[in-house]
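**Student:** Just passing along the structure, written as structure tokens.
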Amino acid sequence: MNFEYSEKVQNLIERVSAFMEKNILPVEELMHQQVAETNWSTPPLMEALKAKAKAEGLWNLFLPVSYGKYSAGLTTLEYAPLAEIMGQVIWAPEVFNCAAPDTGNMEVLAKYGNEAQKKRWLEPLLAGEIRSAFAMTEPDVASSDATNIETSIVRDGDDYVINGKKFYISGACRKQCEILIVMGKTDPTNDNRYIQQSQVLVPMNTPGVTVVRPMKVFGYDDAPEGHAEITFENVRVPIENIIVGEGKGFEIAQGRLGPGRIHHCMRSIGAAQRALELMCKRVNERTLFGKPMIKQQSIREDIAKSACQIEQARLMTLKAAQKMDADGTKAAKELIAMIKIIAPSMALDVIDRAIQCHGAVGVSQDTFLAQMYAAQRTLRLADGPDQVHMMQLGRDLAKRYGQ
């Protein structure tokens, strides 16, 4: 394995780092103020930063080379350090048009969408003109098993009629969210549970689509994106809105989640790295029991353990990215499962130590630590709970070595 970056990637690392230092880190508080004022609409500051990043060519960096004309020309491995840098600030990926759930939706449309779907939805998403959401999770079933979903998608002449309830649909509270990719069942009685599902494009303004409420995450509403509870009541969309065809929903979901899980882990490492740096700064500035905090042995151990954990997760994430680039998502699934288990928990450990070193301010709104802790804890559920990844990974390993 060679994780040395090319001159092209080194240049991008320097440019993204400089952009963060100059344009994003200094305005974190201002962004929070504007979010409070605009609530569920994209703040003016975000639009200004997006325009600046786009003008500098720091745009859509996430789409790998396999996506042809839509790609920024980077492999997943090459994108990894850039996503890590963006992960230092919760809202930073959006500045570069590299934020979930849009990234996953753009990958779906680029890989599976037809030309009309790409023209209508992919191109404005790539331009950063609209936002999108992915509606899969449901409140009434264990959605970590995607075959459980109950939303119905029924063919009626030239339309599909959709009925069901979804929740924690990230991005759907935002006024700029114009399109949903909805996963539901077109063939619920099929003996093969993995071809019962389909995915269909549903514009947010379609009659029968109702945002019931924004769900909170540990007390945060995560405006302006939000996580909506949505009902679909006799929602009609043309049959042309189906993605690929009936029965392909599970396949599309798996193709979407592989790269997305790696992206999440990359950003987790960035969050943990920033927490470590803040911890080191804090303990060098504070005096405790008559001597600097950094002189305390337990503090030194926390810093050392944090650095070790971050580097372990970073190397495993890079290995998974390299494997996916070389052999595809399916071949890399075990490594992807491993990093999805490890990275958010690692970030929680590091952020927790940083909070402890900051004392009361660590749980306040005056650092990024509290909100980022909530985000990383949520990530242990997003894109598959830890237990699901461990169950499947353990099953596959036991089968292989037990033969």
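Every number in this text was worked out from the coordinates using simple rules, so none of it is lab data. The structure presented is a predicted model; accordingly, all values stated were derived computationally and were not measured. Cβ coordinates were reconstructed from backbone atoms using ideal geometry, including for glycine residues, and neighbour counts include every protein chain displayed.
**Student:** Ratio of the range 297-346's C-alpha Rg to 2.2 N^0.38 Å, to two decimals?
**Tutor:** Ratio of Cα Rg to 2.2 N^0.38 Å: 1.39.
**Student:** What three numbers, in Å, describe the spread of the alpha carbons of the range 348-403 along their principal axes, ordered from the longest?
**Tutor:** Per principal axis, max minus min of the Cα coordinates gives 54, 20, 10 Å.
**Student:** Between the range 248-307 and the range 85-133, what is the separation of their alpha carbon centroids in Å?
**Tutor:** 26
**Student:** How much net charge surrounds residue 285 when only other residues with a Cβ under 14 Å from its Cβ are counted (Lys, Arg +1; Asp, Glu -1)?
**Tutor:** Charge balance near residue 285 sits at +4.
**Student:** Within 12 Å, Cβ to Cβ, of residue 161, how many net charges do the neighbouring residues add up to if Lys/Arg are +1 and Asp/Glu are -1?
**Tutor:** Result for the neighbourhood of residue 161: -2.
**Student:** More than 25 angstrom separation, counting every C-alpha pair in the range 250-402; what % is that?
**Tutor:** Summing the P(r) tail past 25 Å for the range 250-402 gives 36 percent.
**Student:** Can I ask one more? Relative to the compact globular guide of 2.2 N^0.38 Å, what is the alpha carbon radius of gyration of the range 153-306, as a ratio?
**Tutor:** The value comes to 1.56.
**Student:** I'd like to verify something in the chain: which complete DSSP H helices, judged by Cα projection on the helix axis, reach 27 Å or more and average at least 0.5 on the Kyte-Doolittle scale?
**Tutor:** 333-358
**Student:** Taking a cut-off of 21 Å between Cα atoms, list the lysines near residue 52, but don't count ones fewer than 8 places away on the same chain.
**Tutor:** Cross-link targets: 8, 22.
**Student:** Under a straight-distance cross-link criterion of Cα-Cα below 27 Å, which lysines are reachable from residue 295, leaving out those fewer than 8 residues away in the same chain?
**Tutor:** Qualifying lysines at Cα under 27 Å: 281, 305.
**Student:** Compute for the range 149-199: radius of gyration divided by Kirkwood radius, i.e. Rg/Rh, restricted to C-alpha atoms, rounded to two decimals.
**Tutor:** 1.03
**Student:** Also: Per residue of the chain, what 222 nm ellipticity follows from adding -39500 (n - 2.57) for every DSSP H run with n ≥ 4, rounded to the nearest 500?
**Tutor:** -15500 deg cm²/dmol
**Student:** Can you spot the lysines whose alpha carbon is less than 17 Å from residue 333's alpha carbon? Ignore those fewer than 8 places along the same chain.
**Tutor:** List returned: 319, 323, 399.
**Student:** If you place +1 on the Cβ of every Lys and Arg and -1 on the Cβ of every Asp and Glu, how big does the dipole about the Cα centre of the chain come out, in debye to the nearest 20?
**Tutor:** Roughly 840 debye for the chain.
**Student:** State the answer as a single residue: which of 71, 374, 398 lies farthest towards the positive end of the charge dipole of the chain, with beta carbon charges of +1 for Lys and Arg and -1 for Asp and Glu, about the Cα centre.
**Tutor:** Comparing the listed Cα positions along the dipole, 398 ranks first.
**Student:** Cα-based count: Lys pairs in the range 107-265 below 19 Å, eight or more positions apart or different chains?
**Tutor:** Lysine pairs satisfying the spacing and distance rule in the range 107-265 number 10.
**Student:** Using only the alpha carbons of the range 320-375, what is the convex hull's orientation-averaged projected area in square nanometres?
**Tutor:** Hull-based average projected area comes out at 4.4 nm².
**Student:** Could you sort 178-190, 244-256 so that the peptide with the highest average Cβ count within 10 Å comes first and the rest follow in order?
**Tutor:** The packing order, highest mean first, is 178-190, 244-256.
**Student:** A follow-up question, please. Which loop GluC sites (Glu not before Pro) in the range 55-126, with loop taken from DSSP, have no more than 16 other Cβ atoms within 10 angstrom of their Cβ?
**Tutor:** Sites meeting the loop and neighbour criteria: 56.
**Student:** Turning to a different aspect of this structure: From the gyration tensor of the Cα coordinates in the range 177-242, what semi-axes in whole Å does the equivalent ellipsoid have, largest first, with each one equal to sqrt(5λ)?
**Tutor:** 26, 16, 10
**Student:** Cα-based Rg (one decimal) and Dmax (whole number) for the range 7-99, in Å?
**Tutor:** That works out to 13.6, 42 Å for Rg and Dmax.
**Student:** For residue 241, what charge total do you get from the other residues with a beta carbon under 15 Å from its beta carbon, if Lys and Arg give +1 and Asp and Glu give -1?
**Tutor:** Net local charge, residue 241 excluded: -1.
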